[in-house]
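First the structure, in the form of structure tokens, and then the observations on it.
What follows is calculated from the coordinates using simple rules that are stated; it is not laboratory data. As the structure is a computational prediction, the values presented were derived from the model and not from experiment. Cβ coordinates were reconstructed from backbone atoms using ideal geometry, including for glycine residues, and neighbour counts include every protein chain displayed.
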Amino acid sequence: MTTPLDRKIRAAIARRSCVISPQTNACRLFNAARDGLDGVTIDDFAGRWLLSTKELDAPALPGDLVYRSLYIKFLSKGTKTAPRHAAGEKLLARFPVQENGVSYWIDFQAGYSQGLFLDQRLNRSRLRELSPGCNVLNTFAYTCGFGVVAALAGGNTVNLDLSRAYLDWGRDNYRLNQLDPEQHDFIYGDVFDWLGRFAKRKLRFDFIVLDPPTFSRNRKSGVFRAEDDYSELLELALRVLRQQGIILCCLNAHHISATQFKNILKQRLPPHVDLRQEPMPEDFPGSNYLKTFWVFL
Ligand SMILES: C[S@@+](CC[C@H](N)C(=O)[O-])C[C@H]1O[C@@H](n2cnc3c(N)ncnc32)[C@H](O)[C@@H]1O
């Protein structure tokens, strides 16, 4: 018997047909309340589905849906644990996905995050268009998704992150796209510390990506809280941006509105600066937690 939930899931999947293509096989298939079930999302990584739920039990999916694997991430438990296998093939190794013809390694065993933030798809695509041949500084680089697209656009890239493991993953993402990581920089360290070092060395970048976590703590720069510290981060980035450079400013925070974020950015920007807001991708209907402003100096 077909349940109302079955129909909602099928309808949501049908609506994503415009996102999935031979060049893109990773997207959000089901986005919580707007698709009919609050607190539940399903991400598709080349047929391997990741269902995330805030409930203690996962909803049953219609039996005839076609996927290679189904994994479940329980967000209710408070701890950030790796997803659990629920059905289909067990994923014992990492596998590649495609986004606009660019490949990325995904790993369901790697812990809480699987290697690619699907909600950044439009920003990766826009960065690739805007940065041909540029010197690009990718801060808070994670697995270097922004670095990969900038390098594919012919740029020199510097990826900066506090995790050596994520930077190694990033190097593998470069190799997966026939890019030589030896021709690019992967710097282990604190963004605040390194922005200061770059300024002292009088280094300048054409393009800077700022996509920090909402909250982080480390030994060197202490605690970073987006609402208190983003403007200082922008100030430090501006010191190493060449004239007429571009900064991609992202913030993933439910509790800060786009207007508040824009005001935080404007505190440090000259009055004439062009700030363009980018919406979230169409497979995240009803979501606005990811705020994006492109800052054209
Ligand atoms: C939200 S992820 C960034 C996602 C990335 N921009 C992307 O789209 O793939 C945050 C990253 O920031 C790194 N990080 C957190 N605090 C940091 C700091 N103070 N300096 C450098 N990296 C930091 C974490 O290791 C993590 O990889």
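For the pair R126 and F296, label points projected 7 Å from Cα toward Cβ lie 1.1 nm apart. Among F30, F207, F192, the largest mean-square fluctuation in a Gaussian network model of the chain (Cα springs under 10 Å) belongs to F192.
The 3J(HN,Hα) values that the Karplus relation (6.51, -1.76, 1.60; θ = phi - 60°) gives for the stretch 177-182 are, in residue order, 9, 6, 9, 8, x, 5 Hz. Gly and Pro appear as x.
Ignoring the sites themselves, the chain has its longest run without trypsin sites (Lys or Arg not before Pro) in a DSSP loop having at most 11 other Cβ atoms within 10 Å at 91-200.
Under 8 Å for C-alpha pairs, at least 6 residues apart: give me the relative contact order for the chain, rounded to a whole percent. Numbers along the way, then the final one.
Values: 575 pairs, mean separation 36.4, N = 297.
Result for the chain is 12 percent.
With a threshold of 29 Å on the Cα-Cα distance, the over-threshold entries among K80/K202; K8/K262; K54/K90 are K80/K202; K8/K262. The simple spin-label model puts a point 7 Å past each Cα toward its Cβ; for S21 and H255 those points are separated by 3.9 nm. Taking the fewest neighbouring Cβ atoms within 10 Å as the starting point, the ordered list for T292, T214 is T214, T292. Estimated purely from DSSP H runs of n ≥ 4, each contributing -39500 (n - 2.57), the mean residue ellipticity at 222 nm for the chain is -8000 deg cm²/dmol once divided by its residues. Bins of 10 Å, beginning at zero and ending with the bin holding the largest distance: percent of Cα pairs per bin for the chain, please. Using 10 Å bins, I get a P(r) of 6, 27, 35, 23, 8, 1, 0 for the chain.
Around the amide H of N159, modelled in the peptide plane, lie the amide H atoms of N138, D185, F186, I187, all under 5 Å away and 5 or more residues distant in sequence or on another chain. Using the Cβ-Cβ distance between R204 and S231 with R0 = 22 Å, the FRET efficiency computed as 1/(1 + (r/R0)^6) comes to roughly 0.60. When both bridge partners sit in the stretch 45-175, DSSP labels roughly 50% of those beta bridges antiparallel. Against the main long axis of the alpha-carbon atoms of the chain, helix 191-200 sits at an angle near 30°.
Potential lengthening of the chain between N288 and L65 amounts to 77.4 nm, from the contour at 0.36 nm per residue minus the alpha-carbon distance.
A crude spin-label estimate for the pair A93 and A165, with each label 7 Å from Cα along the Cβ direction, gives 2.0 nm.
In this structure, Q244 and T81 have a Cβ-Cβ separation that, at R0 = 45 Å, corresponds to a calculated FRET efficiency of about 0.50. Quick one: check the C-alpha center-to-center distance for the stretch 251-296 versus the stretch 1-54, whole angstrom. Here the two parts' Cα centres lie 26 Å apart.
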